[in-house]
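Trainee: Dropping the structure in here first, questions after.
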Amino acid sequence: MIPAWIVEYAALLGRGLQTSITLLLFASAFGFLLAVLVALARISKNKVIAKASLFYTSVFRGTPLLIQIYIFYYGLGSLFAQFPLIRGSFLWPYLRDGYWYIVFALVLSVGAYVGEVIRGGLLAVPKGEMEAASAFGMTPRQSLLRVRLPRAMRLLLPTLAGETVMLLKSTALASTIAVIDLLGAANVVRAQTLQVYQPLLLVAGVYVCLTFLIEALFAFAERRGTPLRRAV
Amino acid sequence: MPAMFELIDFSEQGWGSALLKGLWMTLQISAGAFVVGLFIGLVVACLKLNAPKPIAALMRGYTTLFRAVPELLLILLLYYVGSMLLNSLMARMGYGAMDVSGPLAAILVLGLVQGAYASEIFRAAIQAIPFGQIEAARAFGQSGFGLFRRVTLPIMAPYAMAGMANLWINLIKDSALISVVGTNELLYTAKQGAGSTRHYLLFYLTAAAMYYVVTLVSNYLSGRLERRTRRWMPLAE
């Protein structure tokens, strides 16, 4: 029943899936940290910091991700290659591999897109709760980490689910710089078996399944609530 | 350093005019896809709301699929499947194979993706119309397309504006993906320039700056248009 090429290339496709998922995990974890910093910078009282972060989000949201990836991979990559010092260093094997450029580009992109989202969430937390937190003697940092951020996250869960699906779709751009992710694996199979579109249909199905999985996970998190909420 | 910038000026060897031509192609493709997406979005939104159940379910399936699969994958898929179907059709009709690569195919592919997103925006906007307005229009003897054009469309426009403006910006950015299948739009031209002169950073940064200007201008214009479509609405909102 299962076409022969799926069996033959199952290992390759599996590795591609693994690459796509690790890209998603790396980019969402580091991107989220960056996004929180960007959001805090956006609402900072320091004008320079706020302006700089506004400029960053505007540029990264205003240009295609694909061109950002090209700038990092071909632009910076060819720049790095000119310096013997970098070529000789222990970092070079990583700097030659498209994988880390994709992670870098995705993290910066998530930082910009999700940063805007988190900024909205932080502004939506009622002022009284922040005042209550400081009345309890929390330092600004404690009240941010214990009250403001968790509250904002709860408000933002549905939006973050959408952003994560967007990120999953963005990981497919890895295939454009010769990283064998899910789509890259499908392209390898296409080239080797001369099948025009069947491998693409297969991985499209996998992407749909992954999307449903992400949405189910976020729906689960939303139902369960944050740990803070449950303790009450 | 300054010698490097001669590569993107408008002299005979410079890539300046080629890049501008690429930008023009990008804008044409985006505008075309936007119109296609607008049309598909409106039709699909109406079908989702009014059509018999199986058709409405089919339309929901179209939206879900096209929003869950990466745009790059959809573009590859629609290109190859589309060209294959077209060529087998042409062969059956006794014509030779046809080359599908080109702006028209790009417009259709991006338009299909765009339509999926637009249909959700329109569905929400149509549902935001107070039903009394539609009833009032019916009471005045309007029905069918006339009602849609005179009442539904103008009332829903402000609700849909912000979403459609976002879609337009997304579309410009997505149009860069078309370069992967070899349509000579902005990114493709930049890629050629970068490849032949080996100044990758220069060309990609220039192209990125051009995209950025387009999004900034679009943001400004859509803000003005949004205020204009909202002008009849109560200020309280």
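Trainee: Want the number for residue A:157 to residue A:21: 0.36 nm per residue separation, take away the alpha-carbon distance, what's left? Kindly include the intermediate steps, with their values, before the conclusion.
Mentor: Working: separation 136, 0.36 × 136 = 48.96 nm, distance 2.01 nm.
Going from the current span to full extension adds 46.9 nm.
Trainee: Only residues of region B:124-154 count here: report those whose backbone N is under 15 Å from the spot 7 Å along Cα→Cβ of residue B:229, or say none.
Mentor: B:124-129, B:149-154
Trainee: If you don't mind, there's one more thing I want to ask. Using Cβ contacts closer than 10 Å as the measure, can you line up B:71, A:116 from fewest to most?
Mentor: Values: B:71 23, A:116 19.
The fewest-first ordering by Cβ neighbours comes to A:116, B:71.
Trainee: For region A:169-181, just list the computed ³J(HN,Hα) in residue order, Karplus coefficients 6.51, -1.76 and 1.60, θ = phi - 60°, integers in Hz, with x standing in for Gly and Pro.
Mentor: 5, 5, 4, 5, 5, 4, 5, 6, 10, 6, 8, 8, 8
Trainee: Other chains' Cβ within 10 Å of A:87-97 residues: what's the mean?
Mentor: 0
Trainee: Quick one: grab the alpha carbon gyration tensor of the protein assembly as shown, order the square roots of its eigenvalues as a ≥ b ≥ c, and give me rounded if a/c is under 1.5, else prolate or oblate depending on whether a/b is larger than b/c.
Mentor: Cα axes put the protein assembly as shown in the rounded bin.
Trainee: Does anything in region A:149-185 have its amide N under 18 Å from the 7 Å Cα→Cβ label point of residue A:96, and if so which residues?
Mentor: A:177-180
Trainee: Spelling out what I want: for every residue of region A:146-159, take phi, set θ = phi - 60°, compute 6.51 cos²θ - 1.76 cosθ + 1.60 (Karplus), and round to whole Hz; glycine and proline get x.
Mentor: Values per residue, Gly and Pro as x: 9, 10, 5, 5, x, 5, 4, 4, 4, 5, 9, 3, x, 5 Hz.
Trainee: Assuming R0 = 22 Å, can you tell me the calculated FRET efficiency for the pair residue B:11 and residue B:196, based on Cβ-Cβ distance, to the nearest 0.05?
Mentor: Efficiency for this residue pair is about 0.90.
Trainee: Which entries in A:169/B:48; A:45/A:169; B:21/B:48; A:51/B:21; A:51/A:169 show an alpha-carbon gap greater than 28 Å? Before the final figure, lay out each step's value.
Mentor: Working: A:169/B:48 25 Å; A:45/A:169 35 Å; B:21/B:48 39 Å; A:51/B:21 33 Å; A:51/A:169 30 Å.
Distance filter (> 28 Å) returns A:45/A:169; B:21/B:48; A:51/B:21; A:51/A:169.
Trainee: Length gain on complete extension for the stretch residue A:82 to residue A:123, per 0.36 nm per residue less the alpha carbon to alpha carbon distance?
Mentor: Numbers: separation 41, 0.36 × 41 = 14.76 nm, distance 4.56 nm.
Difference between extended and current length: 10.2 nm.
Trainee: Between residue B:220 and residue A:33, what's the calculated FRET efficiency when r is the beta-carbon distance and R0 is 41 Å? Round to 0.05. List each step's numbers first, then the result.
Mentor: Details: r = 32 Å, r/R0 = 0.79.
The computed FRET efficiency comes out at 0.80.
Trainee: Quick one: compute the contact order of chain A, relative version, from alpha carbon pairs under 8 angstrom and 6+ residues apart, as a percent.
Mentor: It comes to 28 percent, rounded to a whole number.
Trainee: Taking 0.36 nm per residue of separation and subtracting the Cα-Cα distance, what length does fully extending residue A:209 through residue A:135 add?
Mentor: Taking residue A:209 through residue A:135 to full extension adds about 21.9 nm, to one decimal.
Trainee: Could you pull out every residue, at least 5 positions away or on a different chain, whose amide H is within less than 5 Å of the one on residue B:142? Hs are placed 1.01 Å off N in the peptide plane, and Pro or chain starts have none.
Mentor: none
Trainee: Can you give the longest stretch of chain A with no exposed loop site, where a site means chymotrypsin sites (Phe, Trp or Tyr not before Pro) in a DSSP loop (not H, G, I, E or B) with at most 16 other C-beta atoms within 10 Å? Walk me through the numbers on the way to the answer.
Mentor: Values: sites that count: A:90, A:136.
Looking at chain A, A:137-232 is the longest stretch - no exposed chymotrypsin sites (Phe, Trp or Tyr not before Pro) with at most 16 other Cβ atoms within 10 Å.
Trainee: Across region A:108-125, in residue order, what do the Karplus-derived ³J(HN,Hα) couplings come to in whole Hz, using 6.51 cos²θ - 1.76 cosθ + 1.60 with θ = phi - 60° and x for Gly and Pro?
Mentor: The phi angles translate into 5, 5, 4, x, 6, 5, 6, x, 4, 4, 5, 4, x, x, 4, 6, 7, 6 Hz.
Trainee: Using a 10 Å cut-off on Cβ to Cβ distances, tally the other chain neighbours for every residue of B:60-68 and report the average as a whole number.
Mentor: 3
Each reported figure results from applying straightforward, stated rules to the coordinates on display, with no laboratory input. Remember, it's a predicted structure, so these values are computed and weren't measured experimentally. All Cβ positions, even for glycine, are placed from backbone atoms using ideal geometry, and neighbour counts span all protein chains on display.
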